[in-house]
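> Before we start, here is the structure in question, set down as structure tokens.
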Amino acid sequence: FSMNAPKIEERVFLLPDETKVIQEEDTKIEGAANFIIIKEDHTIGNPIRCQLLRDSHVLFAGYRMPHPLETKMQIKIQTKNTSTPQLALLDAINALKQEFRHLDSEFKDAVSTYQDQASQGAMDY
């Protein structure tokens, strides 16, 4: 049985001729740019948007998925003249990477603590 759908590899991994991020200047709004990110969805779109909105230099940050069957996400960023959309996006990604590393570390510590307590019988009910 075959479905009329792309293979999972085509929806996840970049092909040799694909670029992960494409930047387009926004000619209608000063200090704004649009970024098209290939093979990503809401899982990373919303955290990037939230992180961008924490930046005091960012005036607007939003993302959208143009179509449910397309594996691309569009992000629009507008910044004050003290920064650029490119810098704001890079700062947001770096801050998220740091947050995710911290979350991973905290999770591993909690699992280790649980396993230690469980091996000592402290988790018996």
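The values are calculated or read from the model by the stated rules, or taken from the named source; none is laboratory data. Everything numeric here is computed off the predicted structure, so don't read it as measured data. Glycine gets a Cβ as well: all are built from the backbone with ideal geometry, and neighbour counts include every protein chain shown. Surface areas here come from the heavy atoms of the whole protein model, side chains and all, with no ligands, DNA or RNA. Shrake-Rupley method; radii C 1.70, N 1.55, O 1.52, S 1.80 Å.
> Looking only at residues in segment 57-69 that are outside any strand (DSSP E or B) and without any contact (Cβ under 8 Å) to a residue 24 or more places away in the chain, which one is most open to solvent (accessible area, probe 1.4 Å)?
69
> Find all pairs meeting these conditions: Cβ atoms under 7 angstrom apart; at least six residues apart or on different chains; first residue within segment 37-53 and more than 15 Å from residue 68 (Cα to Cα) and open to solvent by 60 Å² or more (accessible area, probe 1.4 Å); second residue part of a helix (DSSP H, G or I) and not acidic (Asp, Glu).
none
> Among the residues of segment 5-14, count how many are open to solvent by less than 80 Å² (accessible area, probe 1.4 Å) and in a loop (DSSP other than H, G, I, E, B).
Adding up the residues that qualify gives 3.
> (1) surrounded by 11 or more Cβ atoms within 10 Å (Cβ to Cβ); (2) in contact with a His (Cβ under 8 Å, 6 or more places away or on another chain): which one isn't true of residue 82, the others all being true?
For residue 82, the exception is condition (1).
> Just one of the numbered conditions (1) surrounded by 10 or more Cβ atoms within 10 Å (Cβ to Cβ); (2) at pLDDT 95 or above is not true of residue 72; which one?
With respect to (1) surrounded by 10 or more Cβ atoms within 10 Å (Cβ to Cβ); (2) at pLDDT 95 or above, residue 72 is out only on (2).
> On to the next question. Taking segment 1-29, which residues are within 28 Å of residue 83 (Cα to Cα), touching a residue at least 40 places away in the same chain (Cβ under 8 Å) and of a type outside the set (A, V, I, L, M, F, W, C)?
The answer is 23, 26.
> Return the pair list, or none, for Cβ contacts closer than 6 Å from residues in segment 96-121 that are closer than 29 Å to residue 52 by Cβ to residues that are at pLDDT 95 or above, at least 6 apart or on different chains.
Note: pairs meeting the criteria are 96/47; 96/51.
> Also: Any residue that is part of a helix (DSSP H, G or I), among the basic types (Lys, Arg) and modelled with pLDDT of 95 or more - is there at least one of those in segment 79-86?
Scanning segment 79-86, I find no residue that is part of a helix (DSSP H, G or I), among the basic types (Lys, Arg) and modelled with pLDDT of 95 or more, so the answer is no.
> So, in segment 19-28, of the ones that are open to solvent by 60 Å² or more (accessible area, probe 1.4 Å) and either at pLDDT 90 or above or not in a strand (DSSP E or B) (or both), which residue ends up farthest from residue 57 (Cα to Cα)?
19
> Next question, about the same structure. Scan segment 62-120 for residues that are touching an Asp or Glu at 6+ places or on another chain (Cβ under 7 Å) and acidic (Asp, Glu) and report the count.
Adding up the residues that qualify gives 1.
> If we keep just the residues of segment 38-64 that are aliphatic (A, V, I, L, M) and at pLDDT 95 or above, which is farthest from residue 13 (Cα to Cα)? Outline the logic, then answer.
Here is the first cut: in segment 38-64, the residues aliphatic (A, V, I, L, M) are 38, 44, 48, 52-53, 58-59, 61.
Now drop any that are not at pLDDT 95 or above, which leaves 48, 52-53, 58-59, 61.
Numbers: 48: 20, 52: 26, 53: 29, 58: 31, 59: 33, 61: 26 Å.
Among residues in segment 38-64 that are aliphatic (A, V, I, L, M) and at pLDDT 95 or above, the one farthest from residue 13 (Cα to Cα) is 59.
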